[in-house]
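Working notes, structure below.
Since every read-out is calculated from the coordinates, none of them should be taken as a lab result. Remember, predicted model here, so these are calculated numbers, not experimental data. Cβ: placed from backbone, ideal geometry, glycine included. Neighbour counts: every protein chain shown.
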Amino acid sequence: MKAFALATAAATLLSLAMPASAQFAKTEDAIKYRQSALFVMGQHFGRIGAMASGRAPFDAKVAADNADVVASMAKLPWAAFGPGTDKGGDTKAKAEIWSEQAKFKEASDKLVTETAKLAAAAKTGNLDAVKTAFAATGGSCKACHDAFRNK
């Protein structure tokens, strides 16, 4: 019984010690995952942007629903920027993601924070609050793209 408990504990510790990138079978899987998460986030963010800019009528429920998706998706792609995922696949990621990891982490954390603020603003049903939060979130996206994404 002790041997089984010891083996179980060892297996658990080994699984916890694996890097986040180990969750992807191939680097291409990680790249596709992060691109997919960012694509979905962008689609929902665009719907809010259409309302914020007046290209679509403001619907508080639709804005709140889309902002919730954006905030949820903003948490996902970062684990897929693991070691070795800078090459192998169709990626626009700059090398600075891996050489300036603290700066990249700061940018990703800022995006997560701003999208949470956007979701909170959308829940108020106030278009002006949505516009303000949308602009701040968009600024966060742009800053990260400018620093860490190839054109």
Filtering the stretch 74-99 down to residues that are without any contact (Cβ under 8 Å) to a residue 24 or more places away in the chain and either charged (D, E, K, R) or outside any helix (DSSP H, G or I) (or both), which residue is farthest from GLY138 (Cα to Cα)?
ASP86
May I ask you to verify whether TRP98 is within 27 Å of GLN23 (Cβ to Cβ) and surrounded by 17 or more Cβ atoms within 10 Å (Cβ to Cβ)?
no
Note down all Cβ pairs under 6 Å where the first residue falls in the stretch 47-65 and is more than 18 Å from THR115 (Cβ to Cβ), the second is aliphatic (A, V, I, L, M) and assigned to a helix (DSSP H, G or I), and they're at least six residues apart or on different chains.
ALA56/ALA50; PHE58/MET51; PHE58/LEU127
Positions within the stretch 72-93 being surrounded by fewer than 15 Cβ atoms within 10 Å (Cβ to Cβ) and touching a Ser or Thr at 6+ places or on another chain (Cβ under 9 Å), in sequence order:
PRO83, GLY84, LYS87, GLY88
Residue in the stretch 126-141 that is nearest to the chain's Cα centre (by Cα), counting only those that are hydrophobic (A, V, I, L, M, F, W, C) and closer than 20 Å to VAL40 by Cα:
CYS141
